[in-house]
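Single-structure report; data block below.
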Amino acid sequence: MKALNSNIKTLSSILLLAILLFQSCIGDDVIMDEVDPVIRITNPIDSLGLNSSYQFEFMYLNNVGQEETVNPEWTNSDNTVATIDQNGLLQPITIGTTDISINYDNGSNIVSTLQKIYVRDTTTIPEMMMERSGTVTTTSSYQLEGDFTLAVNDDGDLILSFADNYEASTALPGLFIYLTNNPNTSSNAFEIAAVSTFSGAHTYNLGAMGLFDYSHVLYFCKPFNVKVGDGEIE
Amino acid sequence: MQRITIIFIFIFLASTFSFAGGPWPQKKGNGYFKLSQWWIVFDQHYTDVGKIDPNVTSGIYNTSLYAEYGFTNRLTGVIYFPFLSRNTMNNVISATTGETLIPGEALNSIGDTDLSLKYALNKPGSKVPLAATLTLGLPLGKDEGGTQNNLQTGDGEFNQLLQFDAGTAIAIGNKVKGFVSSQLGFNNRNKGFSDEIRFGLEGGLGLISNKLWLIARLTGVESLKNGDTAADVTSTSIFANNTEYLSYGIEVAYYVTKRVGFSAGYASAFRGEIIAAKPSYSVGVFYDLSK
């Protein structure tokens, strides 16, 4: 009987130890979320009227796609056509063409973007700068595909529209759609909504947002942090 | 509004215990009792098309009591009671900045509990015993927890599993005894979950004068896919349905004394849909009154 009790105690101790060992703490999952830093003009134009000026706005996104406030350098390829100050204010001088560039040295490299500007009789924003588009594709084995456009409507609201060829898996729990500047994670992304349409054309009204604020449409299974797919906004 | 919740790996657990005992009910007054720890940690899962995709590492740890007791020579009551169930989800850390992007969470509670009655359909001692088992899956666990409601210790639904078992004893020479059995069952589920066909094969060999038992299991679940999908419900709460799998498992049980022993188990899957794609493990201490 003593031996039996001893065995039971030993086994119970082993099991208790196993329980304590295996009632695990919360661990860490490290994700590779680095992206190339970018600096982006968020209100681009095609041509500037000779009798007007234009204030450029910009956005700098760091190596995880988060916006940072920086003081970039503005340059201009032809100061006889127009001038630009270090606040991004463009002043035309004469009809012609010049390249405006915005540069920022983040310590690791110089991030820049360039835009060609035509000085003409009137300021114009071409159609291509009022609407962006792209295609979402799956990055998982869950079905996701479809073309989309992003445009500002007459009320000033940003509208994300999916075409007829949109299809998404209904098998996933908690599928959400986001706009993001880092397609590797839903963290810091703009959450649009839980997905409720899984086939065909549909739209999302995003309210007053900038057309050039984000670089990607992103689909994530939110509860389980599983990336399903994305699409670059061209 | 119907809402269905994720079931992921609980089925592995349920299957492990649902098939225990095979078609052999306990004799009147006899019983089998087990205190065990079962766990799975998974960072990938089978998708709806059977491929494997990554997910944030999640863990489920169940500490449970399992008991069989013979009310009569033909009727045995069975309970599986996970009195401590823990579901964890890891922190998501940026490799670039080291920042915690999404904090991990944990949920602790009682888990879903199974109550079963097993009835011998032919006379105990028959060469090929047959048994029918009715299992009631009691939703005592929590079907949502954490800030995203993505943690759970139960599926939130009351299911009824009717299962038939058949088996026979085998002998290899004079010293090695064993058994083989098969199971077929229908699991009626509610709250938008699809019903299921469950099946299994089990075989065991008793070595060292039946002190050491090696048991192998093959279990499967086929969903009838008659439940809800994300397109059918308007809730934004989490859910998954139509889980399927074909899994295999092994268990080693060793009698330290005539009645007391310990066991260890391992189970994995050949295939699956909407289910964890990592092995599960178990360890336990049992007391076998039938010896």
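Results, tabulated for the structure shown:
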{"item": "Test for A:D46: is it under 27 Å from A:E234 (Cα atoms), at pLDDT below 90 and surrounded by 12 or more Cβ atoms within 10 Å (Cβ to Cβ)", "result": "yes"}
{"item": "When residues of the stretch A:52-62 are limited to those that are in a loop (DSSP other than H, G, I, E, B) and either in contact (Cβ under 8 Å) with a residue 40 or more places away in the chain or small (G, A, S) (or both), the one nearest to A:T185 (Cα to Cα)", "result": "A:N62"}
{"item": "Matching strands (runs of 3 or more DSSP E) fully within the stretch A:82-162 where at least 1 residues are among the aromatic types (F, W, Y)", "result": "A:96-105, A:110-120, A:144-152, A:158-162"}
{"item": "Filter result for A:Y118 (modelled with pLDDT under 95 and of a type in the set (F, W, Y))", "result": "yes"}
{"item": "Residue list for the stretch B:76-95, filter: within 11 Å of chain A (Cβ to nearest Cβ), crowded, with 19+ Cβ neighbours inside 10 Å and more than 15 Å from B:L138 (Cα to Cα)", "result": "B:R86, B:N87, B:T88, B:M89, B:N90, B:V92, B:I93, B:S94"}
{"item": "Candidates B:N87, B:N73, B:N108, filtered to the one that is in contact (Cβ under 8 Å) with a residue 24 or more places away in the chain and outside any strand (DSSP E or B)", "result": "B:N73"}
{"item": "The stretch B:35-55: number of residues that are at the interface with chain A (Cβ under 7 Å from one of its Cβ atoms) and aromatic (F, W, Y)", "result": "1"}
{"item": "Residue check for A:T139: of a type in the set (S, T, N, Q) and touching a residue at least 24 places away in the same chain (Cβ under 8 Å)", "result": "yes"}
{"item": "Test for A:N225: is it at pLDDT below 95, farther than 30 Å from A:A82 by Cβ and either among the acidic types (D, E) or surrounded by 18 or more Cβ atoms within 10 Å (Cβ to Cβ) (or both)", "result": "yes"}
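The values are calculated or read from the model by the stated rules, or taken from the named source; none is laboratory data. Since this is a predicted model, take the numbers as computed values, not measurements. Cβ coordinates were reconstructed from backbone atoms using ideal geometry, including for glycine residues, and neighbour counts include every protein chain displayed.
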